[in-house]
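Right, one structure below, let's go through it.
The values are calculated or read from the model by the stated rules, or taken from the named source; none is laboratory data. Small disclaimer: the values here were computed from a predicted structure and weren't measured. No Cβ is skipped: glycine too gets one built from the backbone with ideal geometry, and neighbour counts run over all protein chains shown.
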Amino acid sequence: MSLAFEWLLAIRFLKEGRMQSWLILAGVTGGVAIIIFLTQLINQLQGTIIDRVLSSQAHIVMRPAEEAVLRFDQADTLTAALIQQRGQRLRSIDQWESFAQLARTTPGIKAVSPLATGPVFARNNLASKSVVLMGIVPEDYLNVVNMNRYLVKGRFDIGSEQTVIGTELAKDLGVNLGDRIQVVSESGVVQNLTIVGLFDINNKDLNKRWVFTQLRLAQSLLNIPGGVSSIDLTVHDLFGAKLLAQRLSKQTGLLVESWMETNSGLLNALSNQTVTNNLIRVFVVIIVALGIASVLVVSVVQKQKEIGILRAMGATQQQVLRIFLMQGAIFGSLGSLMGVSLAFALLTLFASIYKAPNGSIMFTAQLDPNLVVMASIVALLVGILAALLPARRAARMDPVQAIRS
Amino acid sequence: MNPILQLKHIRKSYNIGTSIETEILHGIDIELSSGSFSALTGPSGSGKSTLLNIIGLLEPPTSGELIIAGQSTQNIGDDQLTKLRGLNIGFVFQFHHLLPAFNALENVMMPSIIHRHLERQAAEKRAQQLLGAVGLAQALYKKPNELSGGMQQRVAIARALMLNPPLVLADEPTGNLDTHSADEIFKLLEHINQTEGISFLIVTHDMQLARRCGQGFHLVDGQLTQSF
């Protein structure tokens with residue numbers, strides 16, 4: 001079916017009402033640009049935040065179940081009891097090798113790293129700081145947290161008497177690369193370690209507290225020979241971590257927590273941000289639709305004489321309907337094309353202005369092709385749907401009344 | 001000669017079924033033969049425009065039968081009616097009603113574009129011929145607002161002839177023109193009727209012009225009082 005007549009009329013009518021056409025086109029362009037810009041901005045910033053938070057921590061941590069005080073009741077006596085919570089001591093995961101193996105073979109798990117972590121003191125001369133000893137298998141741990149990324153000095157090359165510590169701790173202890181520090185365990189065992197690397201993990205507290213050593217040494221200092229206090233995991237699908245953690249917890253009976261639980265505040269904030277963005281998108285779509293509809297309603301009223309003449313000359317109701325639907329489609333498609341360009345310009349401008357406090361790039365001007373396609377389809381559909389009402393009004397116009405108007 | 005138009009007992013009422021039901025046309029019978037040149041006269045409010053709208057298939061009669069080009073219009077759908085109108089009836093309105101967004105050539109081509117009657121080049125050629133025939137060969141690309149009233153009416157006449165319809169309805173085609181232009185337009189309609197064999201039904205107040213037509217119908221209060 002040739003739509004030459006409908007296209008010709010649709011375009012010519014739009015050209016005739018040039019000011020109106022440009023105004024509504026500007027409205028659609030702005031709407032599409034806002035949707036793409038905001039979505040891209042929020043997605044990227046959320047991605048950056050998640051990446052920054054999760055790049056220095058495991059996605060899932062497996063720990064031994066908490067010790068609880070068990071109550072012993074006699075069957076025939078009623079006992080009033082105040083149960084005091086039991087303090088949690090450092091314990092090893094029983095049969096941790098088999099659980100680590102289970103995790104390695106679980107689909108969706110990317111890397112597994114056993115850890116022996118616990119409190120010790122780090123000393124240098126008179127300076128003494130309470131720190132967390134991180135006993136790791138370096139090659140496994142690097143698959144979970146890429147510490148090389150955070151090294152500011154030296155190498156992440158931990159031997160039996162070598163350590164890597166945070167820049168803040170180094171400052172507190174007054175030490176530097178190549179210096180030696182003492183690590184003192186709860187039981188008073190002292191171990192000398194040479195600093196082979198300094199890291200800055202973008203977290204002041206961790207920079208003050210983490211002291212990396214080999215797993216075997218940590219096991220000995222923390223008095224859990226052969227044991228590990230936790231197993232760190234990373235996953236392929238970040239947002240599938242919670243389900244995987246629940247599954248592993250059921251299978252192992254261990255306390256298994258995903259980043260989504262340990263960072264629930266962050267996740268809530270991100271989710272609220274997404275809800276806000278969706279609400280903005282919905283309102284923008286409604287406003288754009290109302291804008292298109294109102295301009296076309298005015299256009300139909302202005303053009304009623306012409307519509308009447310066209311109907312008198314033999315234009316069918318369907319042809320008149322299509323003229324105005326096409327106008328909606330033109331607004332939608334042209335608006336989305338211009339909106340995408342405007343969004344890209346805004347993103348470029350924003351990327352050049354918005355930087356992290358340390359000057360690093362927080363944001364790059366990129367357009368997600370899926371988002372562009374989705375926004376264009378939505379704009380096209382909104383254009384056509386918004387035009388439906390005025391188009392039907394035009395098509396149902398009585399030609400005699402229209403010509404007399 | 002075969003009739004191009006037959007009206008049998010056409011009645012038209014408004015506000016049917018209400019206390020203010022009004023009958024505008026009271027059983028009109030008209031027959032126009034092919035190639036005729038007829039006038040429809042009558043005072044204001046006599047029902048001329050309503051009758052013309054019914055003949056032009058723009059509104060349906062309340063009762064009676066209308067046969068155009070041998071086809072009865074009773075019980076046919078809106079799309080078929082629209083097609084029948086587009087292919088068999090050309091309209092010339094008092095205020096020409098050209099499309100302001102299109103130039104003279106495009107206005108004349110419009111019926112062909114609507115009905116996809118001719119290929120674009122062929123349609124353009126015919127439109128040029130028609131505009132040449134009405135004396136507007138030099139004004140093909142002028143917009144309606146660049147033409148005088150008489151020229152606009154000539155464009156409207158050329159547009160009415162685009163699909164070579166057997167019948168042209170002209171509603172006060174000279175009503176908005178000065179005497180000289182009115183005479184020229186009327187002569188043009190006469191010329192087309194004689195050379196092309198197209199039937200014309202012209203609504204006019206001007207009895208002098210009406211008497212120049214071969215056939216005339218006078219309408220008073222919704223009834224044909226005399227034919228001449």
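Overview of results
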quantity: Count of region B:26-79 residues which are part of a loop (DSSP other than H, G, I, E, B), more than 14 Å from chain A (Cβ to nearest Cβ) and of a type in the set (Val, Ile, Thr); calculated: 2
quantity: Filtered residues of region A:17-40 (kept if in a helix (DSSP H, G or I), touching a helix residue (DSSP H, G or I) at 6+ places or on another chain (Cβ under 9 Å) and of a type outside the set (Val, Ile, Thr)); calculated: A:Gln20, A:Ser21, A:Leu23, A:Leu25, A:Ala26, A:Gly27, A:Gly30, A:Gly31, A:Ala33, A:Phe37, A:Leu38, A:Gln40
quantity: Pairs, first touching a residue at least 24 places away in the same chain (Cβ under 8 Å) in region A:298-327, second among the polar types (S, T, N, Q), C-beta under 6 Å, six or more apart; calculated: A:Gln304/A:Ser405; A:Lys305/A:Ser405
quantity: Residue list for region A:42-60, filter: surrounded by fewer than 17 Cβ atoms within 10 Å (Cβ to Cβ) and either of a type in the set (Lys, Arg) or within 18 Å of A:Pro114 (Cα to Cα) (or both); calculated: A:Arg52, A:Ser55
quantity: Unique residue being modelled with pLDDT of 90 or more, in the same structural domain as A:Pro369 (by TED's automatic domain parsing) and not polar (S, T, N, Q) when the list is A:Leu334, A:Leu296, A:Leu290; calculated: A:Leu334
quantity: Residue within region A:142-155 that is in contact with a strand residue (DSSP E or B) (Cβ under 8 Å, 6 or more places away or on another chain), modelled with pLDDT of 95 or more and under 30 Å from A:Glu261 (Cα atoms) present; calculated: no
quantity: Any chance A:Ile280 is out of contact with any Leu (no Cβ under 9 Å at 6 or more places or on another chain) and in contact (Cβ under 8 Å) with a residue 40 or more places away in the chain; calculated: no
quantity: Every residue from region B:143-188 that is closer than 22 Å to B:Ala39 by Cβ, of a type in the set (Ser, Thr, Tyr) and out of contact with any Leu (no Cβ under 8 Å at 6 or more places or on another chain); calculated: B:Thr179, B:Ser181
quantity: Test result for B:Ala170, crowded, with 19+ Cβ neighbours inside 10 Å, under 22 Å from A:Leu310 (Cβ atoms) and in contact (Cβ under 8 Å) with a residue 24 or more places away in the chain; calculated: yes
quantity: Qualifying residue in region A:379-388 (condition: in contact with a helix residue (DSSP H, G or I) (Cβ under 9 Å, 6 or more places away or on another chain) and either exposed (fewer than 14 other Cβ atoms within 10 Å of the Cβ) or outside the structural domain of A:Arg322 (by TED's automatic domain parsing) (or both)); calculated: no
quantity: Residue, farthest from the chain's Cα centre (by Cα), within region B:114-125, restricted to residues that are surrounded by fewer than 22 Cβ atoms within 10 Å (Cβ to Cβ) and at the interface with chain A (Cβ under 10 Å from one of its Cβ atoms); calculated: B:Arg120
quantity: Residue within region B:13-29 that is in contact (Cβ under 8 Å) with a residue 12 or more places away in the chain, on the phi > 0 side of the Ramachandran plot and under 16 Å from the mean Cα position of the chain (by Cα) present; calculated: no
quantity: Residue in region A:10-20 that is of a type in the set (D, E, K, R), more than 9 Å from chain B (Cβ to nearest Cβ) and free of Cβ contacts under 8 Å to residues at least 12 places away in the same chain present; calculated: yes
quantity: Region B:113-143, residues that are more than 26 Å from A:Leu14 (Cα to Cα), aliphatic (A, V, I, L, M) and assigned to a helix (DSSP H, G or I); calculated: B:Ala122, B:Leu130, B:Leu131, B:Ala133
quantity: Test: residue in region B:131-140 that is within 20 Å of the chain's Cα centre (by Cα), at pLDDT 90 or above and buried (at least 17 other Cβ atoms within 10 Å of the Cβ); calculated: yes
quantity: Residue in region A:190-227 that is surrounded by the fewest Cβ atoms within 10 Å (Cβ to Cβ), counting only those that are assigned to a strand (DSSP E or B) and of a type in the set (Val, Ile, Thr); calculated: A:Val190
quantity: Residues (at pLDDT 85 or above and not in a loop (DSSP other than H, G, I, E, B)) located in region B:190-209; calculated: B:Glu190, B:His191, B:Ile192, B:Asn193, B:Gln194, B:Thr195, B:Ser199, B:Phe200, B:Leu201, B:Ile202, B:Val203
quantity: Top-ranked residue in region B:88-112 [being outside any loop (DSSP other than H, G, I, E, B) and facing chain A (nearest Cβ under 7 Å); ranked as surrounded by the fewest Cβ atoms within 10 Å (Cβ to Cβ)]; calculated: B:Phe91
quantity: Any chance A:Thr252 is within 14 Å of chain B (Cβ to nearest Cβ) and crowded, with 17+ Cβ neighbours inside 10 Å; calculated: no
quantity: Of the criteria (1) touching a Pro at 6+ places or on another chain (Cβ under 8 Å); (2) of a type in the set (D, E, K, R); (3) under 26 Å from B:His115 (Cα atoms), which one B:Asp79 fails; calculated: (1)
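The rows are residues; the columns are (1) within 14 Å of chain B (Cβ to nearest Cβ); (2) among the β-branched types (Val, Ile, Thr); (3) part of a helix (DSSP H, G or I).
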position	(1), (2), (3)
A:Ser299	yes, no, yes
A:Gly308	yes, no, yes
A:Gln319	yes, no, yes
A:Asn358	no, no, no
A:Asn370	no, no, yes
